[in-house]
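All remarks here apply to the structure that follows.
The values are calculated or read from the model by the stated rules, or taken from the named source; none is laboratory data. Just so it is clear, the model here is predicted, and its values are computed rather than measured. Note that each Cβ is placed from the backbone with ideal geometry, even for glycine, and that neighbours are counted across all protein chains shown. Ligands, DNA and RNA are excluded from the accessible area calculation, which covers all protein heavy atoms including side chains. Shrake-Rupley method; radii C 1.70, N 1.55, O 1.52, S 1.80 Å.
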Amino acid sequence: MRLTNLIPMLETNDLAETIQFYTEKLGFVCQNVWPDAQQPCWATLRNGPVELMFSLRNEHRREFSAATTPLLTGALYFYPDDVAAVWAELKDTVTVEYPLETFDFGMREFGIRDCNGYLLQFGQEA
């Protein structure tokens, strides 16, 4: 087997809000929605070579509960061209998980939460 790409498919309770967050805050472009933009159930978003898909929660999954938020046990880690510039742009408009800092393992990074509660980390080699 040879894999050619990986595109995370994440769940959301509010797809319109998610599209707005990623396009307005993070500079993504909404490439496609289904069935339509007024009541989307699925969308694909892109920022340069980075692509993410989002869908409404699937009630057929055993983990589904209308009262719970979507879960991701890890994080999405983005590599911007200039992490300090991204930090300056975002820090006052998003929920900050941890501020920009340089870690002993050689990365300068920060973490935020998106509108779904997903941890988004942005890093660059120090």
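If you take all other residues with their beta carbon under 11 Å from the beta carbon of Glu101, and give Lys and Arg +1 and Asp and Glu -1, the sum is -1. Around the amide H of Met107, modelled in the peptide plane, lie the amide H atoms of Ala126, all under 5 Å away and 5 or more residues distant in sequence or on another chain.
With protein chains left intact and a 1.4 Å probe, residues in region 1-48 average 68 Å² of accessible area per residue.
Taking the longest Cα principal axis of the chain as reference, the axis of helix 15-24 is set at about 30 degrees. Estimated at 0.36 nm per residue, the fully extended path between Thr73 and Lys25 surpasses their Cα-Cα distance by 15.0 nm. If you work out Cα extents along the principal axes in Å from the coordinates, which of (1) 43, 36, 30; (2) 33, 30, 30; (3) 52, 25, 24 do you get? For Cα extents along the principal axes in Å, the calculated option is (1). Relative to a virtual label point 7 Å from the Cα of Asn58 in the Cα→beta-carbon direction, which members of region 1-29 show backbone nitrogen distances below 14 Å? Inside the label zone: 8-12. Every helix of 4 or more DSSP H residues in the chain counts as -39500 (n - 2.57), and over all residues that averages to -4000 deg cm²/dmol at 222 nm. The calculated FRET efficiency for Ile7 paired with Ala85, based on their beta-carbon distance and R0 = 30 Å, is about 0.70.
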